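A quick write-up on the structure given underneath.
The values are calculated or read from the model by the stated rules, or taken from the named source; none is laboratory data. None of the values given here were measured: they were computed from a predicted structure. A quick note on method: Cβ atoms are made from the backbone with ideal geometry, for glycine too, and the neighbour counts reach across all protein chains shown. Side chains included, ligands, DNA and RNA excluded: accessible areas come from the protein's heavy atoms. Shrake-Rupley method; radii C 1.70, N 1.55, O 1.52, S 1.80 Å.
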Amino acid sequence: MANGTTMTAQKPRNKITQQDVARLAGVSVAAVSLVLGGKGRISPEGVERIYQAIDQLGYRRATTSPPIILPRIGLLLPHGCAFSATLLPELANVLQQAGFAVALAYSTLAPADVLAQTEALLSQDARGMMVCGKLLNSHPETLQALNARTAARLVALTGICAHHHPGPVAAVHPDNALAAHMAADALLEQQHQHIAYLGGENHSLVRAERLGGLSIALGKAGVAFSPSLSFPCAATFDDALQAVAQVLKHNPKVSAILCDNPTVLQAVHHALASRLQANKWRLFSRRIALTGFGECEQSLKLQLPLIAVSQNTIATRALVCLRHQLEGSSLLPGDPRLTVAPAFL
């Protein structure tokens with residue numbers, strides 16, 4: 001060149017990453033990401049170190065396309081609720097497949113905790129909330145406050161429960177009475193009139209709804225429902241084994257048993273199979289027809305009749321109801337769309 005100097009072409013540098021910036025600034029990669037995204041609580045000194053590292057390294061954030069911000073749905077679940085725990089994977093999957101981001105919070109049944117966790121979800125700019133399981137058994141004043149707080153922020157609110165719920169939160173729920181009615185109708189067609197119900201706790205609303213459906217089905221067939229054929233027991237294999245032994249011992253006319261859940265169903269099936277094997281030399285062994293409520297792969301493998309509303313069906317219906325509200329329409333307790341019909345599996 002004219003001044004006698006020469007220039008050498010710069011070698012292309014390796015791509016600078018956020019990890020490089022974090023290493024030079026002495027912070028975490030998450031801190032770098034938060035600063036670049038304009039979020040989080042990072043000290044002014046930390047922010048300054050990050051920008052100094054960015055300038056020194058010549059870091060440039062990729063700008064191929066703007067970030068996609070998915071609308072967020074908050075899920076509020078109770079601790080120790082089997083219904084909610086079983087539903088969660090399917091519910092999260094259905095929401096994500098529909099293009100929503102999911103924010104999750106757990107709460108005790110204490111009113112202060114329910115409202116505190118509600119605020120935590122609302123602070124994340126949730127467009128909708130789903131409240132699940134036992135939380136819908138909270139004091140009506142707590143649910144009314146939850147309703148008011150979501151309504152004030154124009155946030156859609158849908159409940160999901162294992163049984164019918166009168167409100168004030170509109171809740172999607174399976175039709176337990178219809179499930180028992182359908183099961184009883186199938187057994188009555190097979191000429192079973194002495195039908196026992198085994199399982200469920202005395203205070204269980206799901207059990208109460210099913211007993212109501214059983215009673216109605218029997219009444220339509222001209223058969224009186226006998227409360228003495230209803231046997232509560234815990235949902236454990238051993239308890240169900242003991243309970244079915246008492247049923248068969250004290251009720252010789254019972255020819256069919258409705259089982260409250262898959263655990264009870266499998267225990268009764270085991271007890272009957274063992275009894276049949278032990279008495280196979282008899283010409284007239286008692287054969288008991290079984291029907292269970294709920295989803296269970298093991299029960300299906302044993303070819304045991306099951307009737308249920310699948311978790312996917314409940315989650316999908318909850319999404320439909322939530323979208324209805326997101327579109328600006330109201331959804332009140334008692335709306336027929338909240339009730340999900342069962343089916344034989």
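Take the residues of the stretch 245-262 that are under 14 Å from Pro232 (Cβ atoms) and free of Cβ contacts under 8 Å to residues at least 60 places away in the same chain: which is surrounded by the fewest Cβ atoms within 10 Å (Cβ to Cβ)? Lay out the reasoning, then the answer.
Keep residues of the stretch 245-262 that are under 14 Å from Pro232 (Cβ atoms), which gives 246-247, 257-261.
Going one step further and asking which of them are free of Cβ contacts under 8 Å to residues at least 60 places away in the same chain, we end up with 246-247.
Details: Gln246: 12, Val247: 20.
Among those that are under 14 Å from Pro232 (Cβ atoms) and free of Cβ contacts under 8 Å to residues at least 60 places away in the same chain, it is Gln246.
Can you tell me which residue within the stretch 319-345, out of those that are in contact (Cβ under 8 Å) with a residue 40 or more places away in the chain, among the hydrophobic types (A, V, I, L, M, F, W, C) and farther than 17 Å from Asn176 by Cα, is most open to solvent (accessible area, probe 1.4 Å)? Taking the candidates together, the pick is Leu332. Just one residue in the set Pro166, Pro174 is surrounded by fewer than 21 Cβ atoms within 10 Å (Cβ to Cβ) and touching a residue at least 60 places away in the same chain (Cβ under 8 Å); that residue is Pro166. Screening Gln10 with (1) surrounded by 10 or more Cβ atoms within 10 Å (Cβ to Cβ); (2) farther than 30 Å from Thr118 by Cβ; (3) modelled with pLDDT under 80 gives one miss only, at (1). Just one of (1) modelled with pLDDT under 95; (2) open to solvent by less than 20 Å² (accessible area, probe 1.4 Å) fails for Pro227. It is (2).
Close contacts from the stretch 79-95, counting a first residue that is on the phi < 0 side of the Ramachandran plot and a second that is charged (D, E, K, R) and part of a helix (DSSP H, G or I), with Cβ to Cβ under 6 Å and a gap of 6+ residues or different chains, come to Cys81/Lys134. Lys39 versus (1) at pLDDT below 80; (2) open to solvent by less than 60 Å² (accessible area, probe 1.4 Å); (3) closer than 17 Å to Gln124 by Cα: which is the lone unmet condition? Going through (1) at pLDDT below 80; (2) open to solvent by less than 60 Å² (accessible area, probe 1.4 Å); (3) closer than 17 Å to Gln124 by Cα one by one, Lys39 breaks only (2). Residues that are assigned to a helix (DSSP H, G or I) and open to solvent by less than 30 Å² (accessible area, probe 1.4 Å) within the stretch 286-315 comprise Ser299, Ile314, Ala315, listed in sequence order.
Among the small types (Gly, Ala, Ser) and buried (at least 18 other Cβ atoms within 10 Å of the Cβ), is that true of Ala152? It would help to see each step written out before you state the result.
Values: among the small types (Gly, Ala, Ser): yes; buried (at least 18 other Cβ atoms within 10 Å of the Cβ): no.
Spelling it out, it is not the case that Ala152 is among the small types (Gly, Ala, Ser) and buried (at least 18 other Cβ atoms within 10 Å of the Cβ).
Of the residues making up the stretch 69-101, those that are more than 21 Å from Glu295 (Cβ to Cβ) and open to solvent by less than 50 Å² (accessible area, probe 1.4 Å) number 8. Can you pull out every residue in the stretch 151-189 that is in contact with a helix residue (DSSP H, G or I) (Cβ under 7 Å, 6 or more places away or on another chain) and under 16 Å from Ser330 (Cα atoms)? Scanning the stretch 151-189 gives Arg153, Val155, Ala156, Leu157, Thr158, Gly159, Pro168, Val169, Ala170, Ala171, Val172.
Going by what's in this entry, would Ala208 be described as open to solvent by 30 Å² or more (accessible area, probe 1.4 Å), at pLDDT below 95, aliphatic (A, V, I, L, M) and closer than 27 Å to Phe83 by Cα?
Numbers: open to solvent by 30 Å² or more (accessible area, probe 1.4 Å): yes; at pLDDT below 95: no; aliphatic (A, V, I, L, M): yes; closer than 27 Å to Phe83 by Cα: yes.
Criteria not met by Ala208.
Taking the conditions exactly as written (modelled with pLDDT of 95 or more, touching a strand residue (DSSP E or B) at 6+ places or on another chain (Cβ under 9 Å) and surrounded by fewer than 19 Cβ atoms within 10 Å (Cβ to Cβ)), does Pro232 satisfy them or not? Yes; evaluated as a whole, the condition is true for this residue. Among the residues of the stretch 114-145, those that are touching a residue at least 60 places away in the same chain (Cβ under 8 Å) and open to solvent by less than 10 Å² (accessible area, probe 1.4 Å) comprise Gly128, Met130.
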